[in-house]
Amino acid sequence: EHDHPGIYRLDLPTGSGKTNLSMRYGFHQMYYKRKKKFIYITPFLSVLEQNAYHIRKVVGEKNIGVLEHHSNILTMDSSESDAKQQVMREYLVDTWDSPIVLSTMVQLFQTFFKNKSSNIRRFSNLIDSVLILDEVQSLPVDVTTLFNLTINFLSIAMNASIVLCTA
């Protein structure tokens, strides 16, 4: 309730409930601090898919839009309504314009550093958000400086609350 935008650490062993704790923190930030988005990022697809299941279970898919953006999501349109859903999904993937976004570290780094218009739209949606960066210890050492500078910018200039989770 009383936290300000900043960078926080959550260092807990595997299986101790980091996902639930970070989710609770993020949702409280959305409620008490009027943050616009909850963004969960991890470098591993297996962790992302497992935690996406738990997040969907907590928020209920029908009440709040949950966007999963990673390479294991396949969509095929076979009817007109599916085509509309496909267009909407493509828009959400391009913009991350959903209250809850679950994605990979690769997509986050592309949002930060690639020069595509969709990445710029995604980057602007990081303003006033809560970012949960899970398994942050797995980042390659050679990107640490750029990562730190970008995370500091998000926290200071873009009013984001960032939680760095490690096992």
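The values are calculated or read from the model by the stated rules, or taken from the named source; none is laboratory data. The structure displayed is predicted, hence computed values, not measured ones. Heads up, the Cβs are rebuilt from the backbone with ideal geometry, glycines too, and the neighbour counts pull from every protein chain shown. When the accessible area is computed, the model is the full protein with side chains, heavy atoms only, and any ligands, DNA or RNA have been set aside. Shrake-Rupley method; radii C 1.70, N 1.55, O 1.52, S 1.80 Å.
Expressed as an acute angle from 0 to 90° and rounded to the nearest 10, what is the orientation of the C-alpha long axis of helix 144-156 relative to the principal long axis of the chain? Taking Cα atoms only, the helix is inclined about 80 degrees. Taking each residue as 0.36 nm, the span from ILE120 to VAL47 lengthens on full extension beyond its C-alpha to C-alpha distance by 23.6 nm.
Expressed as a whole percent, the accessible area of the chain that falls on carbon and sulfur atoms is 56 (1.4 Å probe).
Ordering TYR91, ASN20, ASN159 by Cα displacement along the dipole of the chain toward the positive end leaves ASN159 in first place; charges were set at the Cβ atoms of Lys, Arg (+1) and Asp, Glu (-1). Couplings for region 34-43, taken from phi via the Karplus curve 6.51 cos²θ - 1.76 cosθ + 1.60 with θ = phi - 60°, read 6, 5, 7, 9, 10, 10, 10, 10, 8, x Hz in order; Gly and Pro are left as x.
For the chain, the longest principal axis of the Cα atoms and the long axis of helix 45-59 meet at an angle of about 80 degrees.
Counting pairwise Cα distances across the chain, what percent come out greater than 30 angstrom?
Numbers: 1752 of 13861 pairs.
The share of Cα pairs beyond 30 Å in the chain comes to 13 percent.
So with the 1.4 Å probe, I'd like the accessible area per residue for region 106-147, rounded to whole Å².
Details: 2180 Å² over 42 residues.
Solvent-accessible surface per residue comes out at 52 Å².
By how many nm would the segment from THR14 to ALA157 lengthen if fully extended, with 0.36 nm per residue of separation less the alpha-carbon distance? Present the calculation step by step, with values, prior to reporting the outcome.
On the way: separation 143, 0.36 × 143 = 51.48 nm, distance 3.24 nm.
Value of the extension gain: 48.2 nm.
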